[in-house]
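The structure under discussion appears below in the form of structure tokens.
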Amino acid sequence: MMNLKSTIKKVNSLLLKKYGIPHRNEKIPNSLDILIGTILSQNTNDKNSYKAYTDLKKKYPQWDDVEKLTASQIEKIINVAGLGKQKSNAIKKALTYLKNEKGELSLNYLKKLKDDEILTELTQLEGVGLKTASCVLLFALRRNSCPVDTHVNRTLNRIGIANSSNPEKTFKLVNSQMPEGIAHQFHTNLIRLGREICKPTNPNCTICPLKQICLFEDKKYDRLSDYKVNDFLLLDSIT
Ligand code: SF4
């Protein structure tokens, strides 16, 4: 049995063979943009959260202007993302905290902190959990941190890397053993695998690049014609 770090490396290399290295913008996104974008993305789909974010930015391009709004004014603009009251409160409080405590609407002060310190700092904000904070770490601060949402957690549990229904517990476990420099590709390719292949109710194990190492007991295979010659050779060598 491989140790956790080796298993993560193995899964990452199989995903790279299938999907390649995911695209990463050369321009590093603004940390506050990522924080608010991720708050808006909680419990909704990409389309709705993107619309809420762009509606807000079109109307109020500067976060200073958003900070001057009341939570209910923000709610009216971002309602399409769902949980409008909760999300508008979280946005308003985060902006007010930055203005009052840090003197500017920016998360640049995080750059000099260690990963753990950044997670602690961000998760003390209302409506900001470990997943949202780790998105800021990965996407804006380019740290080696793999956010774990319910979908990533489902896949990691099926593969056998994690054994918990709690994404925060899985986050701590996986990130304690994350090999240097691979968190972005590992996270992004796992998200893609979860959307395209390892779906919640009907995983398509026949075409999964991880099927030979995945420990999920209820793998779903399609028709025999979907098997590749190599699968038969493998079956042959086992039986
Ligand atoms: S083999 Fe099946 S259960 Fe395992 S990761 Fe692939 S799709 Fe998911």
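Annotations for the structure displayed:
- Leading residue at positive end of dipole, the chain (Cβ point charges), from Ile182, Tyr50, Asn153: Tyr50
- Theoretical ellipticity at 222 nm over the chain - DSSP helices of four or more residues, -39500 (n - 2.57) apiece, nearest 500: -16000 deg cm²/dmol
- Once the Cβ-Cβ distance of Asp64 and Thr120 is raised to the sixth power relative to R0 = 22 Å, the FRET efficiency obtained is 0.25.
- At most 11 other Cβ within 10 Å, DSSP loop - GluC sites (Glu not before Pro), segment 168-226: Glu180, Glu217
- For the residues Arg142, Arg158, Arg192, a 1.4 Å probe over the protein chains yields an accessible-area ranking, largest first, of Arg192, Arg142, Arg158.
- Length added when fully stretched, Ile207-Lys10, from 0.36 nm per residue minus Cα-Cα: 69.2 nm
- Extension reserve of the Leu215-Thr54 stretch, reckoned as 0.36 nm per residue once the Cα distance is removed: 53.9 nm
- Centre separation in Å (Cα based) which lies between segment 38-59 and segment 98-152: 18 Å
- About the Cα centre, charge dipole magnitude for segment 31-140 (Lys/Arg +1, Asp/Glu -1 at Cβ), debye: 360 debye
- Low-density loop cleavage sites - trypsin sites (Lys or Arg not before Pro) in segment 1-42, where at most 16 other Cβ are within 10 Å (DSSP): Arg24, Lys27
- For the chain, leaving out every one of the chymotrypsin sites (Phe, Trp or Tyr not before Pro) that falls in a DSSP loop and has at most 16 other Cβ atoms within 10 Å, the longest unbroken run is 1-220.
- 12 Å beta-carbon shell around Val174, net charge (K/R +1, D/E -1): +2
- Over 24 Å between alpha carbons, listed pairs Lys27/Lys87; Lys85/Lys131; Lys18/Lys220; Lys169/Lys199; Lys9/Lys47; Lys169/Lys220: Lys27/Lys87; Lys9/Lys47; Lys169/Lys220
- The orientation-averaged projection of the convex hull spanning the C-alpha atoms of segment 89-226 amounts to 9.6 square nanometres.
- For the chain, with +1 on Lys and Arg beta carbons and -1 on Asp and Glu, the positive-most of Leu210, Asn144, Asn166 along the dipole: Leu210
- A cut-off under 13 angstrom between Cβ atoms defines the neighbours of Ala183, and their net charge, with Lys, Arg +1 and Asp, Glu -1, is +3.
- Convex hull volume per residue for the chain, taking Cα atoms only, in Å³: 138 Å³
- Cα long-axis angle, helix 167-176 against the chain (0 to 90 degrees, to the nearest 10): 70 degrees
- Segment 31-140: translational diffusion in µm²/s, Stokes-Einstein, Kirkwood Rh over Cα pairs, 25 °C, 0.890 mPa s: 178 µm²/s
- The chain, relative contact order in percent, only Cα pairs under 8 angstrom and at least six apart counted: 20 percent
- Near Asn79: Cβ cut-off under 14 Å, other residues only, Lys/Arg at +1 and Asp/Glu at -1. The net charge is +3.
- When the pairs Lys58/Lys93; Lys58/Lys172; Lys102/Lys172 are compared against a 31 Å limit on Cα-Cα distance, Lys58/Lys172 fall above it.
The values are calculated or read from the model by the stated rules, or taken from the named source; none is laboratory data. Every value quoted in this text rests on a predicted model; they were computed, and no experiment measured them. Glycine also receives a Cβ, built like all others from the backbone with ideal geometry; neighbour counts cover every protein chain displayed. Areas reflect the complete protein model, heavy atoms only, side chains present, ligands, DNA and RNA absent. Shrake-Rupley method; radii C 1.70, N 1.55, O 1.52, S 1.80 Å.
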